[in-house]
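Colleague: One structure, pasted below without further comment.
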């Protein structure tokens, strides 16, 4: 093998290090057990554990159990446990074989979760199932010991999917399906074989709706227990009803079934007489089950009867207990377990929150002139012009409206583009490029949201464009007739330039003309984050004779060449070109198609795909790099093709736009306030803070600080100043693809409530980084915007991230970092090796990894072991015990629990809807469409407070224990209710027992440090950036006083939160939001706006 590689290297001198790395990936199988990055060894000894599954040996002498991914045995009377299976792999759910000679278990040692079998001393472990995507868990043995029944996992577009019951022979094989999933989101699992060999019992999610839901009611029926007849395949219901029924275990005599159900706030162990149907409780102090969560490993832990059926051995509240079924007495089975764990050093890197200048990387709408000499593109809200290859970019116009989506006429004489103004709405403009003195001419007078104009190739006075439907950022007026239109332009001395439009077709996006302008191409299925399959269609100029030309699964963009002979498309981010023959039928294409010539041209990703005017070259961008590829360099059969196809360009041409970071000028002094610095526990009473431009230059008590003579002084005596809030998990409505509004109302809502730094861990990459740079450049007002961009999704979708080796992971990291990301979100990649590969690739590129917790406790724990930067969303197990506290505190992995969208119980936000009248909050209504507030708050879920105590407050209590153990806790409000939600999250941290100061640190310095910006943000210290808030009341006295923000300062700019007008050294009134226009009548106390919407869009 090595000789062949060397021979290939001699022949192909152009092979890059990338190619060499790929060869390494092919020959070196990934080993989950061998850490690829620096780690430390940690020894954990404990006598209590979290979420322990166990089994009793057939002779009744031994217990086998799991803890933190290791497997132990011990005498049934308790004592020091013997580690029989340890290591870095995460291994759980042990079960004895009927003869007591073997133990089955779930292990990710082979890459993903599969069933393994070992001897009872841990020797001769062998992988039985070999699944690499439909992973398996929850194994139990058939009565004869020849087969294993288990749960097999299925996902579609939702990452945590559904389950089926399968059986595998103990020697392996592909297995046999027993049950069939009824949909893609409701689970089946927890199998148990009856001792007569006739049935397999299992639990099934039957909650109404046919899909997974948050905030399910455990007082109703979520799960039931069914049994599958192995003789005839019939399925019958065994039990269910209010409180559900989970984790069936059949007694050895076969007459009684033990199971778990919820009774109000208690998780209760029940017995069920299989002959009479009689049910009765035997123990009501179990740890909380996971019926409301997405419990792919089962909503309760494994347990078993003793061989004589007189007792049940089960994990309870951190301990292993024996429940005597006659006396109903519970007794501890004491244990002490020790294991060594390798904990990868968590990925943490320093990031610059506000460089003096920055190079925009969110380059959008790039187009190359027909002569190949000029590049026009959007960055930071405006159009820029760059002479190729080495010109310095400059603004195309001096306009104030936002500018997007330029297109050249075929002769290069004209450029058409769209603009947006929040008050005047959109317009189409045409610019005559024959002279630099020419100014853009507005072609449209009707208000609309104009999109995607393109010239006819034979007539510069005919343009095809799209009018877009309304949305919650730009409003809903003048958007009643969306569709693809033709615009005919007329010029006369008398009337000047006039235009008329005609609707062609109501569906589709990205319209363009064919070669002779007789037809219009368009794409259906959306763009990124759209339908899995996209279709290229065409119609004639009257909107008739529809033709379906190409279908492409996992495509994001499909673009025909100007000569109609070629096609460019993106497929799961990568860029391809393909021949486009006329067939009269629909051609199906993807990156692996062989029905026509197809070639990949971009290794990692590309956007802004556009053809050269003569169709011989494809151009695109990725981040701030510009690329092109000639067709004859990608296909060997083309005239002029090289002897061998060269490697793909991964560097490109840097666009080299540089912009100054916006910052104010002048000095402001805030005098007389209490200053909570977040520098440890320092509080300065009667203090003064001096801000020059965008930095804190001095602070201290009034008698220690000299106020400069030129300072603007604000007397804030009696008020409290603290750092601005850092929302480390903030979905700020960044999923919509299209034009940005000049004012993004979620930004204003957050600033009005004192949120000055945000991190959005799931967003449309182009949009979020574009708007981040608009804020940075001063084009938009907003908090600091950081993001992961599109998640590295482990399920199905046109945006999924396929990671099957280290190179795939590197590619995913590179395409995200190209836009300016310093973090990625690893979102429920199903296999452990995939998640580890993402970690290694991120380490190489100095990118943080913030994973989706996914309501899966075992994955959460392995993420800590593997060095993830943090855990996003709460772990679904609460309370937690000494094992988890010791493991997590020994790591550097942080925790953002997002109690507001609590896994495994009612969302925390519901508590505040229930206990406060949110719709009466006048401040919130100023910065949020009324429809968003009314729809979320007026029809309220009402539940006993104990339900919340058993929900988000229980999780908050566990969060407090982690904080006490040294784990850094961050505030994450998830975008549930912009601005105000951050305060709810803060208050819920306090509900869990945090002191007010501890909670405030989670909301400020902890989040800043999590983002690698703790030396610039998160505390008030000399030299730090001036992000602060002025409160009317003291949050150290009452944490809910945090919601008394009267001023917010972001990067030195001061805003009055009652109006969001800029004050201090400036007087910049805020312009109206769309709901304050269009005959808005302030006399009506319900604020006019009536269109329904949602503030979060996607709940990642």
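The values are calculated or read from the model by the stated rules, or taken from the named source; none is laboratory data. Keep in mind that this is a model prediction, so the values were computed, not measured. Here the Cβ is made from the backbone with ideal geometry for all residues, glycine too, and neighbour counts use every protein chain on show.
Colleague: For residue 647, which of the numbered conditions (1) farther than 24 Å from residue 376 by Cβ; (2) not in a loop (DSSP other than H, G, I, E, B) fails to hold?
Modeller: Every condition holds for residue 647 apart from (2).
Colleague: Do we find a residue being surrounded by fewer than 20 Cβ atoms within 10 Å (Cβ to Cβ) and over 20 Å from residue 950 (Cβ atoms) anywhere in segment 255-268?
Modeller: Looking through segment 255-268, at least one residue is surrounded by fewer than 20 Cβ atoms within 10 Å (Cβ to Cβ) and over 20 Å from residue 950 (Cβ atoms).
Colleague: Which ones in segment 537-567 are over 18 Å from residue 519 (Cβ atoms) and surrounded by 22 or more Cβ atoms within 10 Å (Cβ to Cβ)?
Modeller: Matches in segment 537-567: 552, 555, 556, 557.
Colleague: Residues to consider are 812, 842, 821; find the one that is touching a strand residue (DSSP E or B) at 6+ places or on another chain (Cβ under 7 Å), closer than 23 Å to residue 556 by Cα and outside any loop (DSSP other than H, G, I, E, B).
Modeller: That would be 812, the only listed residue that is touching a strand residue (DSSP E or B) at 6+ places or on another chain (Cβ under 7 Å), closer than 23 Å to residue 556 by Cα and outside any loop (DSSP other than H, G, I, E, B).
Colleague: Give 488, 507 a once-over and let me know the one that is touching a strand residue (DSSP E or B) at 6+ places or on another chain (Cβ under 7 Å) and in a loop (DSSP other than H, G, I, E, B).
Modeller: Just one listed residue meets the conditions, 507.
Colleague: I'd like the full set of residues that are in a strand (DSSP E or B) and touching a helix residue (DSSP H, G or I) at 6+ places or on another chain (Cβ under 9 Å), limited to segment 102-136.
Modeller: Result: 106, single match.
Colleague: Residues of segment 329-341 being buried (at least 16 other Cβ atoms within 10 Å of the Cβ), within 19 Å of residue 84 (Cβ to Cβ) and at pLDDT 95 or above, which ones?
Modeller: 333, 335, 337, 341
Colleague: For segment 414-434, state whether one or more residues are at pLDDT below 95 and closer than 29 Å to residue 614 by Cβ.
Modeller: So far as segment 414-434 goes, yes, one or more of its residues are at pLDDT below 95 and closer than 29 Å to residue 614 by Cβ.
Colleague: Which ones in segment 156-166 are touching a strand residue (DSSP E or B) at 6+ places or on another chain (Cβ under 8 Å) and either at pLDDT below 95 or surrounded by fewer than 20 Cβ atoms within 10 Å (Cβ to Cβ) (or both)?
Modeller: Passing the criteria: 159, 161, 162, 163.
Colleague: A follow-up question, please. Do you know which residues across segment 299-328 are in a loop (DSSP other than H, G, I, E, B), surrounded by fewer than 24 Cβ atoms within 10 Å (Cβ to Cβ) and on the phi < 0 side of the Ramachandran plot?
Modeller: Selection gives 306, 307, 308, 310, 325, 326, 327.
Colleague: If you don't mind, there's one more thing I want to ask. State yes or no: is residue 614 modelled with pLDDT of 95 or more and out of contact with any strand residue (DSSP E or B) (no Cβ under 8 Å at 6 or more places or on another chain)?
Modeller: Judged against the criteria, residue 614 is a match.
Colleague: Go through 508, 526, 496 for me and flag whichever is crowded, with 20+ Cβ neighbours inside 10 Å and out of contact with any helix residue (DSSP H, G or I) (no Cβ under 8 Å at 6 or more places or on another chain).
Modeller: That would be 508, the only listed residue that is crowded, with 20+ Cβ neighbours inside 10 Å and out of contact with any helix residue (DSSP H, G or I) (no Cβ under 8 Å at 6 or more places or on another chain).
Colleague: Consider segment 814-827. How many of its residues are surrounded by 24 or more Cβ atoms within 10 Å (Cβ to Cβ) and touching a helix residue (DSSP H, G or I) at 6+ places or on another chain (Cβ under 8 Å)?
Modeller: 5
Colleague: Quick one: which residue in 698, 680, 693 is closer than 27 Å to residue 355 by Cα and free of Cβ contacts under 8 Å to residues at least 12 places away in the same chain?
Modeller: Result: 680 is the single residue among 698, 680, 693 that is closer than 27 Å to residue 355 by Cα and free of Cβ contacts under 8 Å to residues at least 12 places away in the same chain.
Colleague: Still on this structure: Out of (1) more than 20 Å from the chain's Cα centre (by Cα); (2) assigned to a loop (DSSP other than H, G, I, E, B); (3) crowded, with 24+ Cβ neighbours inside 10 Å, what's the single condition that is false for residue 734?
Modeller: Tallying (1) more than 20 Å from the chain's Cα centre (by Cα); (2) assigned to a loop (DSSP other than H, G, I, E, B); (3) crowded, with 24+ Cβ neighbours inside 10 Å, residue 734 fails exactly one: (1).
Colleague: Modelled with pLDDT of 95 or more and under 30 Å from residue 676 (Cα atoms): which single residue out of 779, 788, 706, 765 fits that description?
Modeller: 706
Colleague: Against the condition in the same structural domain as residue 51 (by TED's automatic domain parsing) and more than 24 Å from residue 51 (Cβ to Cβ), how does residue 249 come out, does it pass?
Modeller: No.
Colleague: Evaluate the following for residue 955: is it assigned by TED's automatic domain parsing to the domain that holds residue 989, part of a helix (DSSP H, G or I), at pLDDT below 95 and buried (at least 20 other Cβ atoms within 10 Å of the Cβ)?
Modeller: no
Colleague: Would it be correct to say that residue 652 is under 34 Å from the mean Cα position of the chain (by Cα) and at pLDDT below 95?
Modeller: No: the conditions fail for residue 652.
Colleague: Could you please give the count of residues in segment 695-706 that are surrounded by fewer than 15 Cβ atoms within 10 Å (Cβ to Cβ) and over 45 Å from the mean Cα position of the chain (by Cα)?
Modeller: The qualifying residues number 3.
Colleague: Can you name the residue in segment 182-193 that is assigned to a loop (DSSP other than H, G, I, E, B) and crowded, with 20+ Cβ neighbours inside 10 Å and, of all such residues, is nearest to the chain's Cα centre (by Cα)?
Modeller: This residue is 185.
Colleague: Can I ask one more? Take the residues of segment 128-151 that are under 33 Å from the mean Cα position of the chain (by Cα) and free of Cβ contacts under 8 Å to residues at least 24 places away in the same chain: which is nearest to residue 188 (Cα to Cα)?
Modeller: Looking at residues that are under 33 Å from the mean Cα position of the chain (by Cα) and free of Cβ contacts under 8 Å to residues at least 24 places away in the same chain, I get 134.
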